[in-house]
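The values are calculated or read from the model by the stated rules, or taken from the named source; none is laboratory data. This is a predicted model, so every value here is computed, not measured. In this analysis, Cβ positions are derived from the backbone assuming ideal geometry, glycine residues included, and neighbour counts consider all displayed protein chains. Quick note on the areas: whole protein, heavy atoms, side chains included, nothing else; ligands and nucleic acids left out. Shrake-Rupley method; radii C 1.70, N 1.55, O 1.52, S 1.80 Å.
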Amino acid sequence: VTGGEQPAVARRRRRRSRGVLVGCALWLVLAAAEIVVRVAGLVDVDGGVATEFQAAFNQANMFVAVDDPTLSYVNRMDVRARVDGVDYVHDARGFRVDPDGPAPSASDARPRVAFLGDSTTYGWGLPWDDTLPALTAAQLGGAFVPVDLGVSGYTTAQERRLYETRRDVLEGTEVVVLVFYPNDLTRGVLRWDEPLRLLYMDALPGVPEGLKPLLWRSAAYRAVVSAHTDALEAEGRFDAGNRDNWEPAFEQVRLLAEEIRADGRAVLVAHLPVLEALDPYPFEQAAARLAQVCEEQRIPFVDLLEPLLEAREVELAAFRDRTGSEPDPGLVRHFLSRFWLVDPRDHHYNAQGNRLVAATLAAALAPLMP
């Protein structure tokens, strides 16, 4: 080695040594963080879901991630799965369809009615015949073919984008129903992690997808995801009662209605209430504002809270007749629990609840039919 080469070799050795030391220090820091998180039990997001039913649905791999940042994910196309005794079938467009019925043929002259919404529209946890689209069609004697575009976890912005990407494969669709659930009054967009089969907020979107399943084994990484989600919640992103979320959601409703009408189709907006409480209803003002927006834009609107309130009054009257007394407020709040799919952790509508609101929805839909 010449005298000129010796300093260069020494510098390379020093750089390698520093690199090793930095790597070791980083590894020690990460290991320490991992130990602290595990010992302290700072986070538990392994399931990423609220109930065992949701976990089982995710494990069936019913979604697929897409590059479109607004959509984030869609229903997987051409899939059939049986989860907790319920059959779910998606056609080539990713729409949920009747697993036992024949595919609508071109010779079927009945109009199509498309339903946009989240898991309450999709019919999560219910057989096809008990979903809101199927029951609404049944209320009108099968006068139309229901097209279920519901996707679990979606907001109005995603529902609008889904319509934009599927509008050309909705042949024969005369009416589009937007089922507006208070979940739409949030702005957080979940991502579908296919290897993990989880929906969650991605704290490190720049990290290669192939590393995410490996990272998920780390409690420290899960803590980062949890902290990221907590920060978004603190900002009010997931708070349907946060008024800052309302107008952006209603603007999506307005824009969606414009696009539907531009395609020569009629539109109907339906407010589907949450079932946690009706006394008072926590989203009464939001629903009233949605109705006002629809009136200003001349968009047909139906509030499905009314049949639920009527059902509650029937139950209250029956209670008074049987007991001769007034129910306490705590009991009143739970009179509609018979419409819950599972329990207070999961207020998806069951078949009885869908059947109740479908009658009112069908009455509002009938005048829009050709």
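Label-to-label distance for A363 and Q59 is 4.3 nm, based on points extended 7 Å past Cα in the beta-carbon direction. Give me the net charge of G150's neighbourhood, meaning all other residues with Cβ under 10 Å from the Cβ of G150; Lys, Arg count +1, Asp, Glu -1. It works out to a net charge of -2. Note on region 249-370: Cα-Cα pairs beyond 21 Å make up 49% of the total pair count. Carbon and sulfur: what percent of the chain's accessible surface (1.4 Å probe)? Looking at the chain in its full context, I get 55 percent from C and S. Amide H contacts of L178: L116, L268, V269, A270, each under 5 Å away and 5 or more positions distant or on a separate chain (H built 1.01 Å from N in the peptide plane; Pro and chain starts excluded). Principal-axis analysis of the Cα atoms of the chain puts helix 305-323 at an angle of about 70° to the longest axis. Taking the C-alpha atoms only, the angle from helix 156-166 to the longest principal axis of the chain is near 90 degrees. What does the charge count near L232 come to, summing +1 for each Lys or Arg and -1 for each Asp or Glu among other residues with Cβ under 15 Å from its Cβ? Here the charged neighbours net out to -3.
Compared with the direct C-alpha span, the chain from Q352 to R254 gains 32.2 nm at full extension, assuming 0.36 nm per residue.
Please identify which residues in region 277-298 have an amide N closer than 19 Å to a label point set 7 Å out from the Cα of L316, following the Cα→Cβ vector. Counting backbone N atoms under 19 Å from the label point, the list is 277-285.
Per-peptide packing, taken as the mean over residues of other Cβ atoms within 10 Å, places 296-308, 73-85 in the sequence 296-308, 73-85 from highest down. Between beta-carbons, use under 12 Å as the cut-off and find the net charge around P111, counting Lys and Arg +1, Asp and Glu -1. In short, 0. Our coupling estimate for region 292-304, obtained by passing each phi through the Karplus curve with A = 6.51, B = -1.76, C = 1.60 and θ = phi - 60°, is 5, 4, 5, 5, 4, 8, 6, 9, x, 9, 9, 9, 7 Hz, Gly and Pro reported as x.
A simple spin-label model places the labels of D244 and R110 4.7 nm from each other, with each point 7 Å out along Cα-to-Cβ.
Would you kindly calculate the translational diffusion coefficient of the chain, applying Stokes-Einstein with the Kirkwood radius from alpha carbon pairs, for 4 °C and a viscosity of 1.567 mPa s, and quote it in µm² s⁻¹ without decimals? Translational diffusion coefficient: 56 µm²/s.
Axis of helix 5-40 versus longest Cα principal axis of the chain: the two differ by about 40°, to the nearest ten degrees. Only alpha carbons enter this Debye calculation for region 161-230, each as an equal point scatterer, and the log10 of I(q)/I(0) it gives at q = 0.12, 0.18 Å⁻¹ is -0.52, -0.82. With helices as the sole contributors, the chain gives -13500 deg cm²/dmol at 222 nm; each DSSP H run of n ≥ 4 counts as -39500 (n - 2.57), and the sum is divided by every residue. In the context of the full set of protein chains, region 183-273 has a per residue accessible area of 44 Å² (1.4 Å probe). Computed packing ranks the peptides 154-162, 183-191, 93-101 as 154-162, 183-191, 93-101, most packed first, by mean other Cβ atoms within 10 Å. Using Cα pairs under 8 angstrom and six or more residues apart, how large is the relative contact order of the chain, in percent? Normalised by residue count, the contact order of the chain is 17 percent.
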